[in-house]
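The structure appears below as structure tokens.
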Amino acid sequence: MARIAGVNIPTNKRVEIGLTYIFGIGHFKSKEICKKIGIPTEKRVSELSDDEVLKIRELIDSEYHVEGELRREVAVNIKRLMDLGCYRGLRHRKGLPVRGQRTHTNARTRKGPAKAIAGKKKSVI
């Protein structure tokens, strides 16, 4: 099992898919990394040599913000918005959708499970 940027990459997956397990690397960046190093995208992680894993690790460390560093940066940006008291910061603070989605219905991922309202009963027609 290859360990890159503190993440165990699954051995049975293709390299370009396995790299997406790292926070901050999606399909586009994983293809870009494979192209820069010269690894065929259909190659499996288990087939990588130690030299290739080392090249991937060095490239990611030098050119990309990933994992802990990126998570910290995102958290600091959100905290900055909250401290400013801007609209987006207030939405983060209240735990509501930030990007203009409707909240009358839906938004359950952000708001959490529905809470029952006392005294409200269903009307029977």
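The values are calculated or read from the model by the stated rules, or taken from the named source; none is laboratory data. Worth saying up front: this structure is predicted, and the values here are computed from it rather than measured. Glycine gets a Cβ as well: all are built from the backbone with ideal geometry, and neighbour counts include every protein chain shown. Remember, those area values only see protein heavy atoms, side chains included, never the ligands or the DNA or RNA. Shrake-Rupley method; radii C 1.70, N 1.55, O 1.52, S 1.80 Å.
Which of the three applies to the chain, rounded, prolate or oblate, going by the alpha-carbon gyration tensor with a ≥ b ≥ c and a/c under 1.5 meaning rounded?
Details: a/c = 3.70, a/b = 2.12, b/c = 1.75.
Because a/c hits 1.5 or more and a/b exceeds b/c, the chain counts as prolate.
Could you pull out every residue, at least 5 positions away or on a different chain, whose amide H is within less than 5 Å of the one on A2? Hs are placed 1.01 Å off N in the peptide plane, and Pro or chain starts have none.
HN-HN under 5 Å from A2: I9.
Only loop residues by DSSP count here, and only those with at most 14 other Cβ atoms within 10 Å; note down the GluC sites (Glu not before Pro) in the stretch 22-75 that meet that. Mind showing how you got there, number by number?
Details: sites: E32, E42, E47, E52, E58, E63, E67, E69, E73; in loops: E42.
Counting only loop positions with at most 14 other Cβ atoms within 10 Å, the GluC sites (Glu not before Pro) in the stretch 22-75 are E42.
With label points built 7 Å along Cα→Cβ from the Cα atoms of L54 and A116, find their separation and express it in nm.
6.4
If R0 is 30 Å, what FRET efficiency do you get for H92 and N8 from their C-beta distance, rounded to 0.05?
For H92 and N8, the calculated efficiency is 0.45.
Give me the percent of accessible area attributable to carbon and sulfur for the stretch 1-82, probe 1.4 angstrom. Don't skip to the end; give the middle numbers.
On the way: 2630 of 5070 Å².
Here carbon and sulfur together make up 52 percent of the probe-accessible area.
Please work out the average accessible area per residue across the stretch 14-83, using the 1.4 Å probe convention, and give it in Å². Walk me through the intermediate numbers first.
Working: 4440 Å² over 70 residues.
On a per-residue basis, the stretch 14-83 sits at 63 Å².
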